[in-house]
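Working notes, beginning with the structure itself.
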Amino acid sequence: MKKKLKKAFAVLMCVTFVAAMTTGCGGGSSDSGSAKSEGTDSKAAGDAAADAADAAGVDVKDAKVGISIYQFSDNFMTLYRTELVRYMVDELGFTEGNITVQDGKNDQAEQTNQINNFITSGVNVMILNLVQSSSAPQITDMCNDAGIPVVYINRQPDETESDRWESEGIKATYIGADAKQSGIYQGEEIAETENKGDINGDGKVSYIMIQGDPENIDAQNRTDYSIKALEEAGMKTEELLLQRGDWDQVKGQQITQDALTQFGDKIEVVFCNNDAMALGALQAIQAADRKVNEDIYLVGVDALTDAVQNIVDGKFTGTVFNDYFGQAQGAADLAVKFLNGEEVDAVNMVDYIKVTGENAEEILEKIK
Ligand code: BGC
């Protein structure tokens, strides 16, 4: 992981440049270039997954790739897809015009249509950030029937599904980060503060939890494991509010504003499942004249630049770096393995990194 991260950081200048052109990156066209399954040297033929291995032997520069992101307006997934396309084109030799990136618009039916269109247009591999991870069995079957391998990213299909890929030799895989780890890091960040989150000294940490989309395993695990970690550090906890904010900054702001009106000084910690919601929470905290790290703590996940800058400035307690470089590059590498007809593991995990006042400057240098 360290090696991967280093490599990723080495290309940051490039990423910054590409990030400035994000929209341009989103829209490769699907009809240039032809990537038929030529060159299949029957390497994979004959094994159990033969019918899903049509793509084996496709040269990357000719390979057609269908990518669908659950929602373009998600700022974390924007960093992710920008790095994904940059890495594929600049470092792996894919042809930009052969890569189609679509916006799932947070609508599973819309995204399923896009996937059907990818199948019709004959892509060689797909990289999918599902709107609903519960759709994975249906989508996997569609792609498998068409002989197209799939790399799932960011939203993990459940274990029954990934076990099935292995047992049935289906060409599907997942790459992400173990959300339990990010939750644990958030809990530890609070436990490492001078009063362990118990600002008013009443023997318990009273918190509000702003959750992502609760269907998403990341949202569930960050919610559970942040509190477990704090309790394991010896603290009693009191949940004042648990509300879904769907990963969204505006919702994070509204929920926090309402909670501050309802619970006032009782709130000692605002846990947010991601930084976008935490940035919204910070707006509400400041509007209510509360001071982070003095009379309230605030933690997020992702390490968006603004969030890390806020840690440096003392306005955020902590975040957790969700390594989109490692995940995007890993996803592209897995796609290439499929194109080469190689075997891949069903589940691939990249580590998170805790970000607090102690290392925020260093992380900021690396991501900005
Ligand atoms: C990230 C969120 C993002 C979500 C999208 C999570 O892993 O932390 O910021 O919005 O994925 O699925």
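Key figures for this structure:
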{"read-out": "The range 58-104-the range 113-174 distance, computed between alpha-carbon centres (Å)", "value": "16 Å"}
{"read-out": "Neighbourhood net charge (12 Å Cβ-Cβ; Lys/Arg +1, Asp/Glu -1) for GLU358", "value": "-3"}
{"read-out": "Exceeding the 22 Å Cα-Cα cut-off - candidates LYS196/LYS236; LYS251/LYS315; LYS180/LYS368; LYS236/LYS315; LYS204/LYS291; LYS204/LYS266", "value": "LYS180/LYS368; LYS236/LYS315"}
{"read-out": "Neighbourhood net charge (9 Å Cβ-Cβ; Lys/Arg +1, Asp/Glu -1) for ALA233", "value": "-3"}
{"read-out": "Listed peptides 191-197, 174-180 by packing density, highest first (mean Cβ within 10 Å)", "value": "174-180, 191-197"}
{"read-out": "Cα centroid separation - the range 176-248 against the range 258-336, whole Å", "value": "12 Å"}
{"read-out": "The range 288-342 shape via C-alpha gyration tensor axes, a/c threshold 1.5", "value": "prolate"}
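Laboratory data are not the source of any read-out in this text; all were calculated from the coordinates shown. Since we're looking at a predicted model, the values are computed, not measured. Backbone-built Cβ (ideal geometry, glycine too); neighbour counts: all protein chains shown.
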